[in-house]
Amino acid sequence: SHGRRVHGARDNSMSSKGILSRTGIGGVFGLLIILFLFMLLWRQIVITIPAGHSGVMWWRFFGGTDVAGPPSEEGTHFIWPWDKFAIYDIRLQEQNALFDVVTIDGLNITVSASIRWRALNNNLGRLHKTIGPDYVARLLFPEVGSVLRETISKYRAEDLYANDRRLVQQAIYQGIIKNPNGIGGGAELDGQDLVHLIDVLVKQVKLPSS
């Protein structure tokens, strides 16, 4: 009887060790799977916002674009892999563009203009939801081009070479920021604007060959 009890105790001990061994192997295997998934989804989980940028969150299951909360600041952020993060440059930006214009005296000229602007950090959520990251091509440049052509069409070509150039630039700027287009500047800048236009400078005017 004593031998049977000893034998039974040994069997129970060996059975417990086997369960613990299998549990330990399963835990390690599960940990390896989690680690593998983390490495595989690293770019979707760990988001780094560089200097001079802000981020807008898009929640797949919680209402889409976050337009109510403030944008995420610089640094490292962790998100779920099914959500998305849009990063915007909020620093002062500048681009040059060419515009074909007809002056009041009928000359077809090409105007090279420098456009300087800054995306408004407080309204990045609305900017992302209503226009998107390509807002420069879809909002800013078309609006600048339209007002620039309309304004210069009221002047002669030589006015752009003389002292009237500053007046032309100011007229273009005022025409852009006064339109209800989401672009503001100076005293007209309000809480509904998406982009802060700094200025539009006429850099060069190319006359037709004739």
(1) modelled with pLDDT of 90 or more; (2) of a type in the set (Val, Ile, Thr); (3) touching a Lys or Arg at 6+ places or on another chain (Cβ under 8 Å): which one isn't true of Val67, the others all being true? (1)
Residues of region 110-133 being loosely packed, with under 14 Cβ neighbours inside 10 Å and closer than 30 Å to Ser210 by Cβ, in sequence order, are Thr110
Counting only strands (runs of 3 or more DSSP E) wholly inside region 42-89, the ones holding at least 1 residues that are hydrophobic (A, V, I, L, M, F, W, C), in contact with a Pro (Cβ under 7 Å, 6 or more places away or on another chain) and surrounded by 14 or more Cβ atoms within 10 Å (Cβ to Cβ) are 53-59, 84-89
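Which residue is farthest from Arg156 (Cα to Cα), if the candidates are limited to region 199-209 and must be touching a helix residue (DSSP H, G or I) at 6+ places or on another chain (Cβ under 9 Å) and open to solvent by less than 50 Å² (accessible area, probe 1.4 Å)?
Step one: of region 199-209, the residues touching a helix residue (DSSP H, G or I) at 6+ places or on another chain (Cβ under 9 Å) are 199-202, 205, 207.
From what's left, open to solvent by less than 50 Å² (accessible area, probe 1.4 Å): 199-200, 202, 205.
Working: Asp199: 22, Val200: 19, Val202: 14, Val205: 12 Å.
So, considering only residues that are touching a helix residue (DSSP H, G or I) at 6+ places or on another chain (Cβ under 9 Å) and open to solvent by less than 50 Å² (accessible area, probe 1.4 Å), the one farthest from Arg156 (Cα to Cα) is Asp199.
For residues that are aliphatic (A, V, I, L, M) and part of a strand (DSSP E or B), scanning just region 102-126, find the one that is nearest to Leu189 (Cα to Cα). Explain how you work it out, then say what you get.
Here is the first cut: in region 102-126, the ones aliphatic (A, V, I, L, M) are 102, 104, 107, 109, 111, 113, 115, 119-120, 124.
Still in the list and also part of a strand (DSSP E or B): 102, 109, 111, 113, 115, 119.
Working: Val102: 30, Ile109: 32, Val111: 27, Ala113: 22, Ile115: 17, Ala119: 12 Å.
So, considering only residues that are aliphatic (A, V, I, L, M) and part of a strand (DSSP E or B), the one nearest to Leu189 (Cα to Cα) is Ala119.
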Those residues of region 92-109 that are out of contact with any strand residue (DSSP E or B) (no Cβ under 7 Å at 6 or more places or on another chain) and either surrounded by 12 or more Cβ atoms within 10 Å (Cβ to Cβ) or modelled with pLDDT of 95 or more (or both) come to a total of 2
Hey, any hits in region 155-162 for a residue that's of a type outside the set (Val, Ile, Thr), in contact with an Asp or Glu (Cβ under 7 Å, 6 or more places away or on another chain), open to solvent by 60 Å² or more (accessible area, probe 1.4 Å) and in a loop (DSSP other than H, G, I, E, B)? yes
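How many residues are out of contact with any helix residue (DSSP H, G or I) (no Cβ under 6 Å at 6 or more places or on another chain), open to solvent by less than 50 Å² (accessible area, probe 1.4 Å) and either small (Gly, Ala, Ser) or in contact (Cβ under 8 Å) with a residue 12 or more places away in the chain (or both) when one looks only at region 169-182?
Here is the first cut: in region 169-182, the ones out of contact with any helix residue (DSSP H, G or I) (no Cβ under 6 Å at 6 or more places or on another chain) are 169-170, 173-174, 178-180, 182.
So of that shortlist, the ones also open to solvent by less than 50 Å² (accessible area, probe 1.4 Å) come out as 169, 173-174, 182.
Then drop every residue that is not either small (Gly, Ala, Ser) or in contact (Cβ under 8 Å) with a residue 12 or more places away in the chain (or both), which leaves 169, 173, 182.
Selection size over region 169-182: 3.
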(1) in a strand (DSSP E or B); (2) at pLDDT below 95; (3) under 19 Å from Ser54 (Cα atoms) all hold for Lys129 apart from (1)
For the list (1) under 20 Å from the mean Cα position of the chain (by Cα); (2) over 15 Å from Gly145 (Cα atoms), I need the number of the one condition that Ile183 fails. (2)
In the list Val136, Val144, which residue meets the criterion of being open to solvent by less than 50 Å² (accessible area, probe 1.4 Å) and more than 27 Å from Asp66 (Cβ to Cβ)? Val144
Give the residues of region 163-186 that are closer than 16 Å to Lys203 by Cβ and outside any helix (DSSP H, G or I), sorted by residue number. none
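The values are calculated or read from the model by the stated rules, or taken from the named source; none is laboratory data. No experiment lies behind these values; they were computed from the predicted model shown. Reconstructed Cβ throughout: ideal geometry from the backbone, glycine too, with neighbour counts over all protein chains shown. In case anyone asks, the SASA skips ligands and DNA or RNA and just uses the protein heavy atoms, side chains included. Shrake-Rupley method; radii C 1.70, N 1.55, O 1.52, S 1.80 Å.
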